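The values are calculated or read from the model by the stated rules, or taken from the named source; none is laboratory data. Remember, it's a predicted structure, so these values are computed and weren't measured experimentally. Neighbour counts run over all protein chains shown; Cβ positions are idealised from the backbone, glycine included. Heavy atoms of the whole protein, side chains included, go into the accessibility calculation; ligands, DNA and RNA do not. Shrake-Rupley method; radii C 1.70, N 1.55, O 1.52, S 1.80 Å.
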Amino acid sequence: MANKKKVYLSILAIFAFIAYTLLAAQPVPPETILTNNWLVSLGTDQDTEELSANKTLIPFKLGKRFGYVSNNGTLFLNKEQEQTVSLSPEFWTEFDPSPRVLIINDPLSGAEIILENPQAYPVFLDGRILLISKDQTSLEEIDKEGITLWRYDFEAPLTCIDAAGGYIITGSLDGMIDLLDRQGERLFPSFAPGGSRIPVIFGCRISSDGSKLAIVSGIDKQRFLFLELYGNNDYRVTHHEFLPGEGFRREVHMAFIENDTRVVFEQEAGLGIYNVKSRSTVTLPLPGQMEGFPVRLETLDEEGADGLFFYISSGTSRGEKRFVALKLPGKELINVPFKSEVSFLTRRGKELLIGGGQTLASFTLDKR
């Protein structure tokens, strides 16, 4: 018990230091500050409590713990992960590789969707329930009654998926991109970015209105592509660039930020920030990367509003993380180290949540 208390206090000290650093930092954009709201420990399981109708829940996964926390720091679900977890603001489920029964939970109402002998695993995107087959070659959507709305079959296993604005974008192992509408119908012929020795899609994202697509594809060379909508379902490549280095052999972190005016994406050289208006990219090395340390991007802020963007990277020693704040397009404002094997970061408007160890901390972006 004493050791647990010591660890908890050390994590509190870490986030108190982060809070102090953010509050004291002078380079933060004019009249913008970050104030600490609360710190909460995830040390013990907590079941869903009764929710008021106007309560907002924020999903979290931090190491082996997952659940929901409200914007006032109340934990409404806090569980230790025992199997695979899929989690979104609207749904959550925990399942083994070959479940006899799959139970999809609604955290707000407590309602359950029960699927017998499922041959797929769930992905929750854009408020929708999507099921990807075990061999990753088919996709279907179900409603809240568990009824299949549509199904789409692919010629190769999926390697990435995203959904927004009623659209779904997928990338597959054979280097193909597909875009589906609300009814699961393909909007245009499958698109192959090509340009690389080995065609495979490692990242795909869609803007909130479905009018812009961002893709990271290929091995030797790997490249970033940006497509925009022209006319009726006519998407055209308006920017592409080859990325330095050998490139990743795994799915990469990507996000549309600042009201879809920029795309951030992980690359071997660090963090790429693409400006939609100027059609140019700024590449920033991760902390420690210039010194040759084996660092990687752990998690990123998927909103990037008000000219600020946040991310967490692995550090220069075992268990070290770096919390970094940028003034877009790429000026580093904050670079704070902390010790933790796991990390979490998410943003909801003016609220920023950061996690390490078994502790979550909330900050609010304010203006004075």
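For the range 100-129, a tally of residues being of a type outside the set (Gly, Ala, Ser) and farther than 19 Å from Ile147 by Cβ returns 3.
When the range 269-293 is filtered for residues that are loosely packed, with under 15 Cβ neighbours inside 10 Å, among the small types (Gly, Ala, Ser) and over 27 Å from Pro199 (Cα atoms), the ones remaining, listed by number, are Ser278, Gly292. Working only within the range 245-263, note down all residues that are open to solvent by less than 10 Å² (accessible area, probe 1.4 Å) and among the β-branched types (Val, Ile, Thr). Correct list: Val252, Ile257, Val263.
Looking only at the range 341-358, how many residues end up being over 16 Å from Glu302 (Cα atoms) and either at pLDDT 90 or above or open to solvent by 10 Å² or more (accessible area, probe 1.4 Å) (or both)?
Looking only at the range 341-358, we keep the residues that are over 16 Å from Glu302 (Cα atoms), and these are 341-342, 356-358.
Restricting the remaining residues to those that are either at pLDDT 90 or above or open to solvent by 10 Å² or more (accessible area, probe 1.4 Å) (or both) gives 341-342, 357-358.
Qualifying residue count, the range 341-358: 4.
Take the conditions (1) aliphatic (A, V, I, L, M); (2) part of a loop (DSSP other than H, G, I, E, B); (3) open to solvent by 40 Å² or more (accessible area, probe 1.4 Å); Leu149 misses just one of them, which is (2).
May I ask you to verify whether Asp366 is assigned to a strand (DSSP E or B), over 18 Å from Pro287 (Cβ atoms) and open to solvent by 30 Å² or more (accessible area, probe 1.4 Å)? Yes, satisfied.
Counting the residues of the range 111-144 that are buried (at least 17 other Cβ atoms within 10 Å of the Cβ), β-branched (Val, Ile, Thr) and more than 20 Å from the chain's Cα centre (by Cα) gives 2.
Among the residues of the range 176-221 satisfying the criterion of being part of a strand (DSSP E or B) and among the aromatic types (Phe, Trp, Tyr), which is nearest to Asp260 (Cα to Cα)?
Filtering the range 176-221 down to residues part of a strand (DSSP E or B) leaves 177-180, 186, 191, 198-206, 212-219.
Imposing the further condition that a residue be among the aromatic types (Phe, Trp, Tyr) reduces the set to 191, 202.
On the way: Phe191: 22, Phe202: 20 Å.
Here the answer is Phe202.
Residue-level analysis places Arg318 among those that are free of Cβ contacts under 8 Å to residues at least 24 places away in the same chain, open to solvent by 10 Å² or more (accessible area, probe 1.4 Å), charged (D, E, K, R) and outside any strand (DSSP E or B). Please verify whether Ser313 is within 17 Å of the chain's Cα centre (by Cα) and either hydroxyl-bearing (Ser, Thr, Tyr) or at pLDDT 90 or above (or both), treating the condition exactly as stated. Answer is yes for this residue. If I go through the range 73-110 residue by residue, how many of them are polar (S, T, N, Q) and open to solvent by 50 Å² or more (accessible area, probe 1.4 Å)? Here the count works out to 4.
If you scan the range 152-175, which residues turn out to be in contact (Cβ under 8 Å) with a residue 24 or more places away in the chain, open to solvent by 20 Å² or more (accessible area, probe 1.4 Å) and out of contact with any Phe, Trp or Tyr (no Cβ under 7 Å at 6 or more places or on another chain)? Write out each step before concluding.
We begin by selecting, within the range 152-175, every residue in contact (Cβ under 8 Å) with a residue 24 or more places away in the chain; these are 152, 154, 158-175.
Still in the list and also open to solvent by 20 Å² or more (accessible area, probe 1.4 Å): 152, 154, 159, 161-162, 165, 167, 173-174.
Scanning the range 152-175 gives Tyr152, Phe154, Ile161, Asp162, Gly165, Tyr167, Leu173, Asp174.
One residue alone among Glu241, Glu332, Glu266 is among the acidic types (Asp, Glu), crowded, with 18+ Cβ neighbours inside 10 Å and part of a strand (DSSP E or B), and that residue is Glu266.
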